[in-house]
Amino acid sequence: MTFLYPAVIAVAVLLSAAAVAGYVGLAKRRAAALEAAGFKSLGKRRHLPYALILAAVPVMLIGLARPQAEVAVPRVAGTVLLAFDISNSMSAGDVAPSRLAAAQQAAKGFVEDQPDTVDVGVLVFGSEALLTQAPTDDHAAAIAAIERVSPSGGTSLGKAILVALGTITGKPVNLPEQNGAAPDLGYWPSATIVVFSDGEETGGPDVQAAAELAAAAGVRIQTVGVGTAKGGTVEVDGFQLATALDETLLTAVAQVTGGTYYAAGDAGALAASTDSIDLRLTTEKEPIELTAPFTAAALLLLTLGGLLGIRWHGRII
């Protein structure tokens, strides 16, 4: 506990000591006078009302010293990276108006629901991954980055995870060579990666290994499956290609890092799925002023002392 005006504590000690000494002297004189007059002493109980009133003095003075204590306050905080699959398959219309458009809409709602203590970043991934908005508490900037997303190319979820980890740790992250030691990324438990994808991987770094790196760094990956098992078709270079949601990879990635896979078969379900994404609670120490509790305690002592004084002695003091 700290005090904004610590000098008041010294005053409280001196005044309390003077008040106690004064009462003890007064009580002795009263007892001697009663004994000389032939009255029987009321016993130690008679001191209780006065003891309560005297105890209120230092408590009230401590309150005037503006005491403060640091309290661990739980709060949602940290960094969230939204990773959008922008491969050609995300233009499929099995989720109206398209997989990518539905993911964008759901992600914007997710960002709008986050407190200012959460920094939100945006990255897109096809055959390569690119950070389009560094994590920021300016959620309007994150939403603007989401709105700029457009589909093209293949899918490399492994690359997306590595770029996300590089953003979180502030240094490039690559998978170790065969039989090589995994890089030490530190521990980042307040960071979360949220992946919006249909799960159709077309190549790139090993996704499982990338997810294990994230897990070792304490980074949780939440995955949101965009699309339907029935699937749809997309036109690529004049060809009609069938595409369907593949939940297996997305589920595995989430499980490796302690995250959760959320299935979303239509735009409404996709929007609802982002409401279920849980971010980690952290605790931060915040100074809490305790003047009010001390003042309340002093008033309670004064009230009890006064009531007992009136009941037992017919007066407060």
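Per-residue answers, yes or no, for (1) under 29 Å from Ala211 (Cβ atoms); (2) at pLDDT 80 or above:
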residue	(1), (2)
Thr233	no, yes
Gln240	no, yes
Leu245	yes, yes
Leu249	yes, yes
Gly258	yes, yes
Ala263	yes, yes
Ser273	yes, no
Pro293	no, yes
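Residues in the range 123-145: is at least one part of a helix (DSSP H, G or I) and closer than 11 Å to Phe84 by Cβ? Yes, the range 123-145 contains a residue that is part of a helix (DSSP H, G or I) and closer than 11 Å to Phe84 by Cβ.
Taking each residue of the range 17-36 that is on the phi > 0 side of the Ramachandran plot and assigned by TED's automatic domain parsing to the domain that holds Pro49 and looking for partners that are surrounded by 11 or more Cβ atoms within 10 Å (Cβ to Cβ) and modelled with pLDDT of 75 or more with beta-carbon atoms closer than 7 Å, six or more apart or interchain, yields nothing. For the range 187-241, how many residues meet the condition of being on the phi > 0 side of the Ramachandran plot and crowded, with 19+ Cβ neighbours inside 10 Å? Residues in the range 187-241 being on the phi > 0 side of the Ramachandran plot and crowded, with 19+ Cβ neighbours inside 10 Å: 3 in total. With respect to (1) assigned to a helix (DSSP H, G or I); (2) among the hydrophobic types (A, V, I, L, M, F, W, C); (3) at pLDDT 70 or above, the lone exception for Ile277 is condition (1). What residue, among those in the range 134-176 that are touching a residue at least 60 places away in the same chain (Cβ under 8 Å) and of a type in the set (Ser, Thr, Tyr), is surrounded by the most Cβ atoms within 10 Å (Cβ to Cβ)? Filtering the range 134-176 for residues that are touching a residue at least 60 places away in the same chain (Cβ under 8 Å) and of a type in the set (Ser, Thr, Tyr), the one surrounded by the most Cβ atoms within 10 Å (Cβ to Cβ) comes out as Thr155. Filtering Phe110, Phe84 for residues that are part of a strand (DSSP E or B), crowded, with 19+ Cβ neighbours inside 10 Å and touching a residue at least 60 places away in the same chain (Cβ under 8 Å) leaves a single hit, Phe84. Taken together, Thr132, Thr117, Thr136 contain a single residue that is closer than 24 Å to Glu200 by Cβ, assigned by TED's automatic domain parsing to the domain that holds Ser91 and within 28 Å of the chain's Cα centre (by Cα), which is Thr132. If you check Pro176, Pro172 for being touching a Gly at 6+ places or on another chain (Cβ under 8 Å) and more than 16 Å from Gln255 (Cα to Cα), only one passes: Pro172.
The values are calculated or read from the model by the stated rules, or taken from the named source; none is laboratory data. Every value quoted in this text rests on a predicted model; they were computed, and no experiment measured them. A quick note on method: Cβ atoms are made from the backbone with ideal geometry, for glycine too, and the neighbour counts reach across all protein chains shown.
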